[in-house]
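Only one structure is covered here, and it is reproduced in the block below.
The values are calculated or read from the model by the stated rules, or taken from the named source; none is laboratory data. Keep in mind it's a predicted model, so treat the numbers as computed, not measured. Cβ: placed from backbone, ideal geometry, glycine included. Neighbour counts: every protein chain shown.
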């Protein structure tokens, strides 16, 4: 496949949804969760108010997708989750093999072909009267909902408009960006600023003015013929990693580097990478079109390549729906 | 009262705990909470797992203490809570007057004379399938537990050992420090580092190496005869504010400024200010004694002044325990 194959510059999904199986119980039709060692309908899932995962945002997570009944890079997600736990000095009350089974079972409870799963470790809490972090017993919980799109396929076809926030992404000197954490107030407030400016989503800078990442995605820009994605101060996103691997296979020059807002404004193509939607074109930035204002040829190529492979079960592990 | 009155350099509390009333129900003896519009025992209080207050740490709070049946600066806390809501563009589902009643009722349920209350607003969540922050309905919740000491009175008498973390406090260019938020992973990991170094607690720096704050407290240091507390990038703590006011009354030079780790190492006195314990002496830093290794005379004076006034109901509002 070469770039010239992408004649129409139109995003194509082999399919944007697959037929679900029946849930094990109608109560699971909106999603499932695993809390306190048991499965429950997602709407019933709760966290103790005193858990420091909430009161101190002392938590980490992995977001895993299934597509057409296949988890994507499940082992890589579990490996990264273990790495995050180690970096936060947490100990899982559940062995990793058990977490794998829980992830399968969450999807099986709902019967979803296309699913969005989040596994979460929180610090837990010390006994009332203590503030000693060392007395906390870490807690595991997880949930599954239907596959989540950062932007719906129709919106992706048009391409997103991006706002470059003046806010600085919580820096790596404060919080380890290699841990998938919940420190998102910078993203949240930037989103509100971006909406005010008429944009669909936002990207934040670092203290030096370099672009970092947005709420739930990494970014790629075609700068001078090479697809560049910020190299530091960002999450090592699974779809980012996948995109770099795909580019290598497709013979597209790509790699990590520094990009500024100025680079983005001059880029011929920009796209976002996320577990919640894959490869998502950005067609305007700060109100100005990116390139000719349509998804660029490299974007379309990577998108096509990503989705055809996902549908075929690439790097997949079949969901165990049970009999 | 002058500094020379403090002859013994010993912390004195008028009392370190007061007799409680009976809880309205034995289930409230460990604490109370207000969730989903109803009161419940604290151990039963939960947050929906999908609330962005957790999944995005999109929340703000106020921590309010009662001492000897008197709330301290309750109106100031409610005012600051309203300011935080505005800065986060949240809308309270409960009018402020109702929140005041809830705070009273939380303590009344437990019967505590000395109480620690937290009022919390979370972003809420959008419907499943959406990621639009504008569709979130903000949620109010609160809890009450027995008065919490950052360090027990006996430990305060000895004074705390402080560790200066190399981590940078989540900066104000990322998250508004005037909002009392839950972005605490920098504190949490610094605490673990500090414990490894044998310290009791930690303080973090900003990107320029200036001291900021620690987990739940502001800091004051006697630098060249003046009590200095970091002026920027920190929460406008209620006990910090109170201490500055007290210093003015007591004729102690005090104010906001920049202090570095070097300043702390040269300081003749250091203390922490917090709703969870008031004025707390630091007697060693990085393993070296502060001054002569005992709570300094200004520290003892401010401490004495703070606690005698608190006990007398200074800036207080009597808890409505009901009949």
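Figure legend. Inter-residue proximity from region B:55-67: first residues at the interface with chain A (Cβ under 9 Å from one of its Cβ atoms), second residues surrounded by fewer than 23 Cβ atoms within 10 Å (Cβ to Cβ) and assigned to a strand (DSSP E or B), beta-carbon distance below 6 Å, spacing 6+ or different chains. Indicated pairs: B:61/B:118. Only a single criterion out of (1) touching a helix residue (DSSP H, G or I) at 6+ places or on another chain (Cβ under 7 Å); (2) outside any loop (DSSP other than H, G, I, E, B) is not satisfied by residue A:43, namely (1).
To keep it simple, each residue is scored yes or no on (1) in a loop (DSSP other than H, G, I, E, B); (2) under 30 Å from residue B:184 (Cβ atoms); (3) within 12 Å of chain B (Cβ to nearest Cβ).
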site	(1), (2), (3)
A:118	no, yes, yes
A:148	yes, yes, yes
A:164	no, yes, no
A:188	no, yes, yes
A:198	yes, no, no
A:202	no, yes, yes
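Tell me, please, whether a residue that is away from every other protein chain (no Cβ under 14 Å), under 17 Å from the mean Cα position of the chain (by Cα) and within 22 Å of residue B:11 (Cβ to Cβ) can be found in region B:282-292. For region B:282-292, residues away from every other protein chain (no Cβ under 14 Å), under 17 Å from the mean Cα position of the chain (by Cα) and within 22 Å of residue B:11 (Cβ to Cβ): present.
State which residue is farthest from residue B:263 (Cα to Cα) when the search covers only region B:204-215 and only residues that are more than 11 Å from every other protein chain (Cβ to nearest Cβ) and outside any loop (DSSP other than H, G, I, E, B). Going through the qualifying residues, I end up with B:214. For the residues B:244, B:191, the requirement of being touching a helix residue (DSSP H, G or I) at 6+ places or on another chain (Cβ under 9 Å) and modelled with pLDDT of 95 or more singles out B:191. Looking at (1) over 15 Å from residue A:141 (Cβ atoms); (2) within 14 Å of chain B (Cβ to nearest Cβ), which one does residue A:123 not meet, given that it meets all the others? So the condition that residue A:123 fails would be (1). Output yes when any residue across region B:162-172 is touching a strand residue (DSSP E or B) at 6+ places or on another chain (Cβ under 7 Å) and more than 24 Å from residue B:198 (Cα to Cα), and no when none is. Among the residues of region B:162-172, at least one is touching a strand residue (DSSP E or B) at 6+ places or on another chain (Cβ under 7 Å) and more than 24 Å from residue B:198 (Cα to Cα), which makes the answer yes.
Scanning region A:169-186 finds no residues that are within 12 Å of chain B (Cβ to nearest Cβ) and part of a strand (DSSP E or B). Put simply, of B:196, B:186, B:200 the only residue that is surrounded by fewer than 21 Cβ atoms within 10 Å (Cβ to Cβ) and within 19 Å of the chain's Cα centre (by Cα) is B:200. Among the residues of region A:29-40, those identified as within 7 Å of another protein chain (Cβ to nearest Cβ) and in a loop (DSSP other than H, G, I, E, B) are A:30, A:31. Residues of region A:46-75 that are surrounded by fewer than 21 Cβ atoms within 10 Å (Cβ to Cβ) and touching a helix residue (DSSP H, G or I) at 6+ places or on another chain (Cβ under 6 Å): A:68, A:73.
Which residue pairs have Cβ atoms closer than 7 Å, lie 6 or more positions apart in sequence or on different chains, and pair a first residue in region A:119-131 that is over 20 Å from residue A:182 (Cβ atoms) with a second residue that is in a strand (DSSP E or B) and modelled with pLDDT of 85 or more? From residues that are over 20 Å from residue A:182 (Cβ atoms), the pairs are A:128/B:145; A:129/B:146.
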